[in-house]
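The values are calculated or read from the model by the stated rules, or taken from the named source; none is laboratory data. Computed from a predicted structure; not experimentally measured. Here the Cβ is made from the backbone with ideal geometry for all residues, glycine too, and neighbour counts use every protein chain on show.
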Amino acid sequence: MPAIVHEREDAHVPTLFDAPGADLPRPPREVTDGVVHLPGFLDLPTQRSLVAEARRIARSAAGTPFAMVRPRLRSGQMSVYMLSLGRYWKSHPYRYVEELEGMRVPPIPESFHKRTREALEAAGRLSGSLAAWSGSFRAEAALVNYYPPGSTMGMHQDANELSEAPVISLSIGDTALFRLGGTENRNRPWNEIPLLSGDLIVFGGAHRRAFHGVPKVEEGTAPDGCGLAEGRINITIRQVDL
Ligand SMILES: O=C(O)CCC(=O)C(=O)O
């Protein structure tokens, strides 16, 4: 997760539910080579338990070097809060570390590992580029991103991992617009995928280093029972080493 650029791109984003096609059925699909979208991958009880787990870890990390904070990057203050598990994603310069101030990064909980295995199995059934990873993927770094109302994430590349293994991304809470472009720059053309609570995106293959971001989160759309009263949680899981 390197440089986040805080562009004002959100100014052009329509309301998600007004967007053309927003009311169409959402079948599981390979959106483009190596990018799989599985709507409703997590049921509500699973969403609640992942949120509860993330809260428990965030509470125990409070006051330590691993506290959930809004990172300050070279490009400015992020609006998203981040909690690092397994490896800590550090800025200045951007890199992953296994410890800070002599303390180990909190481990990735078993519930996240389990969802990762299930996600890769399901994604591998839809994408030839992802199929090989379900047996060999090692979940080494998990980021819990909390989007309070009004927050966004600028277009960026996940480029600090040595591995080409895909990124597993789970969404809980408010509906977000996930924008995925090419590997060369932040510009169009993009795929834009509304991510509802419980959705899974896996991106790898030709799009592992694609620029991506979240220009819009629709306030007040989190379903009852997902475990979040407001905002959005995104959990991304990565293999860092080769
Ligand atoms: O919140 C999301 O859906 C995307 C998160 C993301 O891009 C990242 O953690 O690198």
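Values as computed for the structure displayed
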item: Residue pairs meeting the criteria (Cβ under 7 Å; at least 6 apart or on separate chains; first at pLDDT below 95, in region 130-144; second surrounded by 15 or more Cβ atoms within 10 Å (Cβ to Cβ) and of a type outside the set (Lys, Arg)); result: Ser134/Leu120; Ser134/Gly124
item: Residue match in region 140-157 (condition: assigned to a loop (DSSP other than H, G, I, E, B), within 16 Å of the ligand (Cβ to nearest atom) and buried (at least 21 other Cβ atoms within 10 Å of the Cβ)); result: yes
item: Failed criterion for Arg70 (all others in (1) farther than 20 Å from Gly213 by Cβ; (2) surrounded by fewer than 17 Cβ atoms within 10 Å (Cβ to Cβ) hold); result: (1)
item: Tally of residues being out of contact with any Leu (no Cβ under 9 Å at 6 or more places or on another chain), in a helix (DSSP H, G or I) and among the hydrophobic types (A, V, I, L, M, F, W, C) across region 48-72; result: 1
item: Failed criterion for Tyr94 (all others in (1) out of contact with any strand residue (DSSP E or B) (no Cβ under 8 Å at 6 or more places or on another chain); (2) more than 15 Å from the ligand (Cβ to nearest atom) hold); result: (2)
item: When residues of region 126-139 are limited to those that are among the hydroxyl-bearing types (Ser, Thr, Tyr) and in contact with a helix residue (DSSP H, G or I) (Cβ under 9 Å, 6 or more places away or on another chain), the one surrounded by the fewest Cβ atoms within 10 Å (Cβ to Cβ); result: Ser134
item: Any chance Gly198 is away from the ligand (no atom under 11 Å from the Cβ) and under 15 Å from Gln47 (Cβ atoms); result: yes
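So that you can scan it fast, the table gives a plain yes or no per residue for (1) within 13 Å of the ligand (Cβ to nearest atom); (2) closer than 22 Å to Ala141 by Cα; (3) among the aromatic types (Phe, Trp, Tyr):
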residue: Glu161; (1), (2), (3): yes, yes, no
residue: Ala165; (1), (2), (3): no, yes, no
residue: Ile172; (1), (2), (3): yes, yes, no
residue: Asn185; (1), (2), (3): no, no, no
residue: Pro189; (1), (2), (3): no, no, no
residue: Glu192; (1), (2), (3): yes, no, no
residue: Arg209; (1), (2), (3): yes, yes, no
residue: His212; (1), (2), (3): yes, yes, no
